[in-house]
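Working notes, beginning with the structure itself.
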Amino acid sequence: MSDKTHFGFSEIPFSEKAERVASIFRNVASKYDLMNDLMSFGLHRAWKHFTLSQSGVREGHRVLDVAGGTGDLSLGFLKRVGDTGQVVLSDINEKMLQRGRERLLNKGFLTNVRFVQADAEALPFHDAEFDCVSIAFGLRNVTHKEKALQSIYRVLKPGGKFLLLEFSKPVLSFLEKLYDKYSFSVIPRLGEWICKDRASYQYLVESIRMHPDQSTLKNMMEQAGFENVSWHNLSGGIVALHTGFRYA
Ligand code: SAM
């Protein structure tokens, strides 16, 4: 097996990826939400809204938002779980988690939310703790994706649902070309303009191209143990929501 992994279009030793990713999210944390709105023309809100609508989360549930960053999904889950449920927002990066904490606390969610700094590859939770686990735009950044999927499977209760929202492969070739042109020419420039950081956004667009397509990701989820795995393309497959269950 090669001792190298992708970092965008570059190949780097496995041991370096986590720190390179960490440095990106430290740099962009303060402008992360603004950049999301600008880059996606606000569409990321609709993708996340759809994800929440598919979650099946209800009053009293315990939900884990892995790589939850500034907490968009956590916020939606908190509105659903009510006073008797709990949401755990976890992220490997202290700056992103801090933004998430400030945001959720400012919105008045104080008691039924926890913030845990954790690597998706080794989640520090008991087996079968959660009714639902999500990871949105996070898996792409994880060094060993298989380990993260296994770790998520472990902490999900039997009967629990996993939601994986991520950039994917556009289904129409004209859309793919248009999207490629837009992402490679506009997004790094936006990053330079707003965050004074072109390189991080160059990584973002490259990492999207290197991420497994819809059916490869479905296979990876099945390998990790998930059952009844399916996906729903959003915005023509620019993004896909994969869902799967733990039954046993
Ligand atoms: N889920 C949020 C959203 O949809 O807006 C944030 C997504 S942001 C693009 C990716 C997040 O993944 C960052 O907050 C980053 O710190 C986190 N991340 C990267 N590698 C990780 C890992 N190995 N374990 C947990 N989180 C990780």
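In deg cm²/dmol and to the nearest 500, what is the mean residue ellipticity at 222 nm of the chain if only DSSP H runs of at least 4 residues count, each as -39500 (n - 2.57), divided by the residue total?
Calculated from helices alone, the mean residue ellipticity at 222 nm is -14500 deg cm²/dmol.
Using the heavy atoms of the protein chains and a 1.4 angstrom probe, tell me the accessible area per residue for the stretch 111-248 in square angstrom.
Each residue of the stretch 111-248 exposes 44 Å² on average to a 1.4 Å probe.
Note down the accessible area of K4, probe 1.4 Å, to the nearest 10 Å².
About 90 Å², ignoring ligands and nucleic acids.
How much of the DSSP beta bridge set in the chain is antiparallel, as a percent to the nearest 5?
Antiparallel bridges: around 45 percent, rounded to the nearest 5.
For the stretch 208-240 and the stretch 83-104, write down the distance between their C-alpha centroids in whole Å.
25 Å
Consider just the alpha-carbon atoms of the stretch 45-186 and return their Rg together with their Dmax, both in angstrom.
15.7, 48
Measuring from centroid to centroid over Cα atoms, what is the spacing of the stretch 1-79 and the stretch 147-175 in Å?
First find each Cα centre; the distance between them is then 12 Å.
Compute the long axis of helix 214-223 from its Cα atoms, compare it with the longest principal axis of the Cα atoms of the chain, and write down the angle in degrees, 0 to 90, nearest 10.
For helix 214-223, the angle is close to 40 degrees.
Would you mind working out the accessible area per residue for the stretch 36-86, using a 1.4 Å probe, and quoting it in Å²?
Per-residue value: 42 Å².
Quick one: which of 51-64, 222-235 comes out on top by average Cβ neighbours within 10 Å, and what's the full order, highest first?
Averaged packing, sorted descending, gives the order 51-64, 222-235.
Provide, for q = 0.09, 0.13 Å⁻¹, the log10 of I(q)/I(0) from a solvent-free Debye sum over equal Cα point scatterers in the chain.
These q points yield log10 I(q)/I(0) values of -0.36, -0.79.
Measure off, as a whole percent, the carbon and sulfur share of the 1.4 Å-probe accessible area of the chain, all protein chains present.
Using a 1.4 Å probe with all protein chains present, the chain comes out at 54 percent carbon and sulfur.
Can you tell me the 0 to 90 degree angle between the C-alpha axis of helix 14-28 and the longest principal axis of the chain, rounded to 10?
90 degrees
The values are calculated or read from the model by the stated rules, or taken from the named source; none is laboratory data. Note that the coordinates shown come from a computational prediction; the quantities given were computed from them, not determined experimentally. In this analysis, Cβ positions are derived from the backbone assuming ideal geometry, glycine residues included, and neighbour counts consider all displayed protein chains. Each accessible area value is taken on the protein alone, full model and side chains, heavy atoms only, with ligands, DNA and RNA left out. Shrake-Rupley method; radii C 1.70, N 1.55, O 1.52, S 1.80 Å.
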